[in-house]
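The values are calculated or read from the model by the stated rules, or taken from the named source; none is laboratory data. Quick caveat: nothing in here was measured; it's all calculated off a predicted structure. Note: ideal-geometry Cβ built from the backbone for every residue, glycine included; neighbour counts use all protein chains shown.
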Amino acid sequence: MKDEFFANLDLAELYQATYETFYMTILSLIGTFIIGILLGLLLYLTAKDGIWQNKVINWIVAAFVNIFRAIPFIILILLLFPFTNFLIGTVRGPNAALPALIIGAAPFYARLVEIGLKEVDKGVVEAAKAMGAKTSTIIFKVLLPESMPALVSGITVTAIALIGYTAMAGVIGAGGLGNYAYYFGFQRRAFDIVFVCSVAIIVIVFIFQFIGDYIANKLDKR
Amino acid sequence: MYTDVFLFACRKAFFNGYFLTEEASDVIKIDSLTKEFSIGEKKLTAVNDLSLEIQSGEIFGIIGYSGAGKSTFIRLLNRLETPSSGSVTIGDKQITTLSKKDLRNARQDIGMIFQHFNLLWSRTVQDNIAFPLEIAGVGKSERQKRVQELVDLVGLTGREKAYPSQLSGGQKQRVGIARALANRPNVLLCDEATSALDPETTNSILDLLVSINKKLGLTIVMITHEMHVIRKICDRVAVMEKGSIVEQGDVLEVFSHPKMPVTKKFVKQVMGDTDEDEAEMNQLFQNENNRNVLRLHFIGETTNQALISQLAKKFDIDLNILQGKITQTQRGAYGTLFVQLIGDQHEIDKAVQYIDEQTSVEMEVVENER
Ligand SMILES: Nc1ncnc2c1ncn2[C@@H]1O[C@H](COP(=O)(O)OP(=O)(O)OP(=O)(O)O)[C@@H](O)[C@H]1O
Ligand SMILES: [Mg+2]
């Protein structure tokens with residue numbers, strides 16, 4: 001059956017491509033999570049009536065976030081070519097995709113983090129202040145734990161966007177399923193490969209969505 | 001043996017001295033406290049040149065209608081709100097001039113509970129109570145011990161591992177109280193602590209607060225808009241209107257002789273409309289049969305509460321209670337009772353004389369003109 005319908009498919013190549021997609025997604029997700037939370041916290045804390053209320057910093061962070069969110073991802077990769085080359089030493093392969101992936105996704109996630117933090121009950125933050133909590137205590141023991149379900153569903157949404165980004169990055173040489181589908185499938189008219197890659201990506205998306213929903217649900221004791 | 005007795009005597013002297021000096025001192029001194037909010041161009045004075053002294057170990061109530069500035073005032077006490085001018089001193093610390101770091105330390109000695117409880121939903125009951133201990137840097141094993149004590153104190157034994165979402169409002173406030181007491185504060189600030197609760201739960205929380213006040217000698221500042229709360233637990237009360245205190249004093253005094261219109265309105269909340277009662281009574285007295293009617297006024301009575309049954313036992317008369325309202329306060333019973341004495345006129349006169357001379361109940365013989 002395989003020979004008839006999937007004549008062009010090479011399982012070893014498919015496996016390698018899937019692995020690269022996972023690799024790029026997970027590493028960029030970790031980077032996005034950390035940078036996104038930092039930016040989101042900064043946006044929240046420096047906002048009006050925030051703990052670190054600061055118009056200038058808030059404006060700068062908001063501007064950074066908005067600009068990088070506005071650039072289409074495919075253009076962002078091209079724009080970041082010199083930076084990637086400097087940082088990674090090459091513009092090819094899964095590692096080369098990471099800076100663009102993180103810079104593309106972190107601002108998006110930062111906004112989701114900010115929304116999640118704004119949902120935290122002001123009264124609870126005030127109660128912590130009334131107990132004599134330091135700002136770091138408020139961040140790590142109140143704001144982050146209390147917004148955790150929102151942070152997790154946010155990172156799930158971001159992960160799915162990132163899987164899409166890795167495919168785009170693949171087309172310009174980063175490897176992964178997008179790369180495989182384009183160079184080995186589309187360009188050689190081997191549409192069975194394009195089809196299998198699509199299915200593989202759908203499965204990956206479902207896996208991330210399932211894990212994300214499960215964790216968010218587990219965490220939510222409200 | 002002798003040393004034991006000696007030590008006991010010493011300890012007693014020490015305690016007496018300790019409590020006597022405590023008794024006399026003010027824990028909270030508020031001096032010309034003002035807070036202005038600017039809303040665009042306009043300035044709004046939420047707390048206006050307010051001075052007040054709250055004594056150690058008392059339950060001090062502050063009552064006022066919505067917008068009077070009560071919440072702003074209580075938040076100024078632990079500087080959740082920065083005052084525009086004036087000063088707050090709690091214990092030996094002038095809160096208004098402390099550095100940020102000292103303020104954080106001072107806040108650990110000031111408990112606070114809230115109308116909406118403000119518990120962390122992500123933590124269990126025990127972890128919520130442990131939170132202030134974590135802030136104070138208490139070690140893990142000591143923390144666990146203290147949490148268990150507090151859980152028992154507020155009557156939540158067995159619910160340690162529950163999350164706030166699994167508790168009723170009253171239970172949530174108990175967690176709030178336990179959390180506020182964790183670091184053994186001297187002062188407990190309560191902002192509408194019972195306003196989100198039904199009347200029965202309100203009473204159980206108020207009872208808990210009184211028992212804590214007695215057991216720990218804790219000073220409690222209680223903000224409310226319900227006179228019932230003041231009546232039930234407070235020793236002294238201040239009435240707040242438009243950012244100022246318009247009347248203050250012992251709860252009984254304020255209940256029996258309210259001066260300002262706001263205060264009268266609040267007293268009506270629990271005592272009903274006394275003017276109306278009066279009119280009703282007068283009508284009653286027009287009736288031929290209503291002779292020998294007494295109006296008994298109880299103010300802070302604790303010894304004379306059994307007066308009616310005493311009269312029935314001591315004198316050969318029957319007592320007919322016509323109307324009245326007695327309410328209990330922290331300082332004893334307060335209220336008015338109309339009773340009719342029935343029986344031999346000689347016995348009645350003796351009973352009237354007894355009330356007049358032997359008890360501290362204020363009495364008035366209601367004359368009916370026939
Ligand atoms: N952060 C703020 N900014 C501007 N105005 C405020 C602020 N906080 C309170 N106010 C104003 O101060 C006044 C007093 O408010 P406060 O909350 O102290 O009243 P309250 O007596 O506690 O009322 P309630 O019984 O409704 O809680 C109100 O007019 C309110 O609008
Ligand atoms: Mg209020």
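The helices (runs of 4 or more DSSP H) found wholly in segment A:1-98 and carrying at least 1 residues that are under 18 Å from the mean Cα position of the chain (by Cα) occupy A:11-46, A:55-70, A:73-79, A:81-88.
Any residue in segment A:149-158 that is more than 16 Å from the chain's Cα centre (by Cα), at pLDDT 95 or above and over 30 Å from A:LEU9 (Cβ atoms)? Among the residues of segment A:149-158, at least one is more than 16 Å from the chain's Cα centre (by Cα), at pLDDT 95 or above and over 30 Å from A:LEU9 (Cβ atoms), which makes the answer yes.
Picking from residues in segment A:133-175 that are closer than 30 Å to B:ILE110 by Cα and aliphatic (A, V, I, L, M), the one that is farthest from the other protein chains (Cβ to nearest Cβ) is A:ILE139.
Conditions (1) among the aliphatic types (A, V, I, L, M); (2) in contact with an Asp or Glu (Cβ under 7 Å, 6 or more places away or on another chain), marked per residue:
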| position | (1), (2) |
| --- | --- |
| B:GLU226 | no, no |
| B:ARG231 | no, no |
| B:VAL239 | yes, yes |
| B:ILE245 | yes, no |
| B:LEU252 | yes, no |
| B:MET260 | yes, yes |
| B:THR263 | no, yes |
| B:MET271 | yes, no |
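Of the residues making up segment B:189-206, those that are surrounded by fewer than 19 Cβ atoms within 10 Å (Cβ to Cβ) and either in a helix (DSSP H, G or I) or away from ligand 1 (no atom under 13 Å from the Cβ) (or both) are B:ASP198, B:PRO199, B:GLU200, B:THR201, B:ASN203, B:SER204. When only residues in segment B:125-158 that are aliphatic (A, V, I, L, M) and under 26 Å from the mean Cα position of the chain (by Cα) count, which is nearest to the other protein chains (Cβ to nearest Cβ)? The qualifying residue nearest to the other protein chains (Cβ to nearest Cβ) is B:ILE129. In segment A:99-132, what residues are within 11 Å of another protein chain (Cβ to nearest Cβ) and assigned to a helix (DSSP H, G or I)? Hits for segment A:99-132 are A:LYS122, A:GLY123, A:VAL124, A:VAL125, A:GLU126, A:ALA127, A:ALA128, A:LYS129, A:ALA130.
Checking B:LEU52 against (1) out of contact with any Lys or Arg (no Cβ under 9 Å at 6 or more places or on another chain); (2) away from every other protein chain (no Cβ under 14 Å); (3) more than 15 Å from ligand 2 (Cβ to nearest atom), which single condition isn't satisfied? Here B:LEU52 clears every test but (1).
Residues B:PHE117, B:PHE131: which one is in contact with a helix residue (DSSP H, G or I) (Cβ under 8 Å, 6 or more places away or on another chain), outside the structural domain of B:ASP207 (by TED's automatic domain parsing) and within 16 Å of ligand 1 (Cβ to nearest atom)?
The match here is B:PHE117.
Looking at B:ALA182, is it surrounded by fewer than 18 Cβ atoms within 10 Å (Cβ to Cβ), within 14 Å of another protein chain (Cβ to nearest Cβ) and either within 25 Å of B:ASN78 (Cα to Cα) or within 16 Å of ligand 1 (Cβ to nearest atom) (or both)? Spelling it out, it is not the case that B:ALA182 is surrounded by fewer than 18 Cβ atoms within 10 Å (Cβ to Cβ), within 14 Å of another protein chain (Cβ to nearest Cβ) and either within 25 Å of B:ASN78 (Cα to Cα) or within 16 Å of ligand 1 (Cβ to nearest atom) (or both).
Filtering segment A:172-210 to residues that are among the β-branched types (Val, Ile, Thr), farther than 16 Å from A:ASP10 by Cβ and touching a residue at least 24 places away in the same chain (Cβ under 8 Å) leaves A:ILE172, A:ILE201, A:ILE204, A:VAL205. Of the candidates A:GLY89, A:GLY40, A:GLY116, A:GLY50, the single residue that is without any contact (Cβ under 8 Å) to a residue 60 or more places away in the chain, farther than 24 Å from A:VAL203 by Cβ and surrounded by 14 or more Cβ atoms within 10 Å (Cβ to Cβ) is A:GLY50.
Working carefully through the options B:SER71, B:SER99, find the one that is within 14 Å of chain A (Cβ to nearest Cβ), of a type in the set (Gly, Ala, Ser) and within 12 Å of ligand 1 (Cβ to nearest atom). Working first, answer last.
Numbers: B:SER99 fails: within 12 Å of ligand 1 (Cβ to nearest atom).
Of B:SER71, B:SER99, the one residue that is within 14 Å of chain A (Cβ to nearest Cβ), of a type in the set (Gly, Ala, Ser) and within 12 Å of ligand 1 (Cβ to nearest atom) is B:SER71.
When the residues of segment B:80-115 are filtered to those that are within 21 Å of A:ASP49 (Cα to Cα) and within 16 Å of ligand 2 (Cβ to nearest atom), which remaining residue is surrounded by the most Cβ atoms within 10 Å (Cβ to Cβ)? Here the residue is B:PHE114. The residues of segment B:242-265 that are out of contact with any strand residue (DSSP E or B) (no Cβ under 9 Å at 6 or more places or on another chain) and within 16 Å of ligand 1 (Cβ to nearest atom) amount to a single one, B:LYS265.
For segment A:53-66, filtering for residues that are surrounded by fewer than 20 Cβ atoms within 10 Å (Cβ to Cβ) and touching a residue at least 24 places away in the same chain (Cβ under 8 Å) leaves 2.
Residue-by-condition table, conditions (1) assigned by TED's automatic domain parsing to the domain that holds B:ASP31; (2) under 26 Å from A:GLY123 (Cα atoms); (3) at pLDDT below 95:
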{"position": "B:ALA178", "(1), (2), (3)": "no, yes, no"}
{"position": "B:LEU209", "(1), (2), (3)": "yes, yes, no"}
{"position": "B:LEU216", "(1), (2), (3)": "yes, no, yes"}
{"position": "B:MET222", "(1), (2), (3)": "yes, yes, no"}
{"position": "B:LEU252", "(1), (2), (3)": "yes, no, yes"}
{"position": "B:HIS257", "(1), (2), (3)": "yes, no, yes"}
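Among the residues of segment B:26-49 satisfying the criterion of being within 16 Å of ligand 2 (Cβ to nearest atom) and surrounded by 22 or more Cβ atoms within 10 Å (Cβ to Cβ), which is farthest from the other protein chains (Cβ to nearest Cβ)? Restricting to residues being within 16 Å of ligand 2 (Cβ to nearest atom) and surrounded by 22 or more Cβ atoms within 10 Å (Cβ to Cβ), the top hit is B:VAL47. For segment B:47-68, a residue qualifies if it is touching a Leu at 6+ places or on another chain (Cβ under 9 Å) and near ligand 1 (Cβ under 8 Å from one of its atoms), and exactly one does: B:VAL47. A search for C-beta distances below 8 Å between a residue of segment A:4-22 that is of a type in the set (A, V, I, L, M) and any residue that is surrounded by fewer than 18 Cβ atoms within 10 Å (Cβ to Cβ) and modelled with pLDDT under 80, counting only pairs 6+ apart in sequence or on different chains, returns A:LEU9/A:LYS2.
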